[in-house]
Amino acid sequence: MAHFELTTPVSEVQVRQLRVNDTVTLQSTLFGIRDATQIHLFDRGRKTRFDLDGHAVIHTAPNVRKVDKSVTYPAGYAPICIGTTTSDRMERFTRPLMTQCGVRLIIGKGGLREASKTAFKELGGAYLAIVGGTAALETTWIEQIEDVDLDDLNPESLWKFRIHNFGPLLVAMDSHGGSLFSVVREDAQGRRAQVLAGLGVKSA
């Protein structure tokens with residue numbers, strides 16, 4: 001296990017150095033996306049003016065406050081609470097995020113599935129897990145909401161955050177086919193089979 005300090009955007013070479021159970025702290029820029037953001041980008045053909053190539057995205061629909069634009073609040077939003085939502089339902093967007101937008105890192109909670117694991121391996125990406133219930137802490141890692149696009153979808157807009165010491169985050173899926181979620185699932189299935197066998201029940 002190793003710890004990596006990464007400043008976005010990152011390269012494929014940097015991402016392929018990451019292995020499951022490593023930790024990562026991110027600096028510079030992070031983009032916030034959620035279901036509606038990706039539905040509009042990939043199902044409805046909308047475009048963004050942001051360059052996501054080599055960047056990290058986080059599954060979020062932040063709680064923000066509308067304010068007058070200023071040096072402190074260039075996007076006209078002040079962060080109140082920026083937490084992470086469950087990733088699983090956004091599984092189908094992993095590959096288009098990488099192939100169409102160049103995204104390298106996805107941050108979320110709960111994990112992604114086999115199609116994402118394959119995409120990470122083929123294209124050079126990773127899933128960084130964050131502990132659920134830590135929204136207040138995450139918010140302190142975000143220095144500013146620098147910009148926002150697709151804001152008619154608010155709060156599921158495409159957010160551009162300036163971050164400092166965002167992490168540590170756990171590498172839960174890497175570009176080598178490793179997945180903590182696969183390990184946990186296989187372990188759970190094995191334990192289930194043992195319990196059922198002990199009860200004299202055949203597992204399905």
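Listing for the model above:
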read-out	value
For the chain, built as a Gaussian network whose Cα springs stay under 10 Å, the top-fluctuating residue of GLY132, GLY54, GLY124	GLY132
Alpha-carbon spread of the stretch 9-108, three principal axes, descending order, Å	42, 33, 25
Computed [θ] at 222 nm, helices only, for the chain once each DSSP H run of length n ≥ 4 contributes -39500 (n - 2.57)	-7000 deg cm²/dmol
Relative contact order %, the stretch 3-179, counting alpha carbon pairs below 8 Å whose residues are six or more apart	32 percent
Listed residue (ILE145, PHE50, SER179) projecting farthest to the positive dipole end of the chain, Cβ model	SER179
In the stretch 3-179, lysine pairs with alpha-carbon atoms under 25 angstrom apart (chain gap of 8 or more, or interchain)	8
Gyration tensor (alpha-carbon) shape descriptor, the chain, a/c threshold 1.5	prolate
Spin-label pair VAL131/SER28, simplified geometry with 7 Å Cα→Cβ offset, distance in nm	2.8 nm
Whole-percent carbon and sulfur share, accessible surface of the chain, 1.4 Å	51 percent
Top of ASP88, ASP174, ASP152 by mean-square fluctuation, Gaussian network on the chain, Cα under 10 Å	ASP152
Accessible area (Å², per residue) of the chain, counting only protein heavy atoms and a probe of 1.4 Å	48 Å²
Pair ASP68, GLU5: separation of 7 Å Cα→Cβ label points (nm)	3.8 nm
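The values are calculated or read from the model by the stated rules, or taken from the named source; none is laboratory data. The model shown is predicted, which means the values in this text are computed figures rather than measured ones. Cβ: placed from backbone, ideal geometry, glycine included. Neighbour counts: every protein chain shown. Side chains included, ligands, DNA and RNA excluded: accessible areas come from the protein's heavy atoms. Shrake-Rupley method; radii C 1.70, N 1.55, O 1.52, S 1.80 Å.
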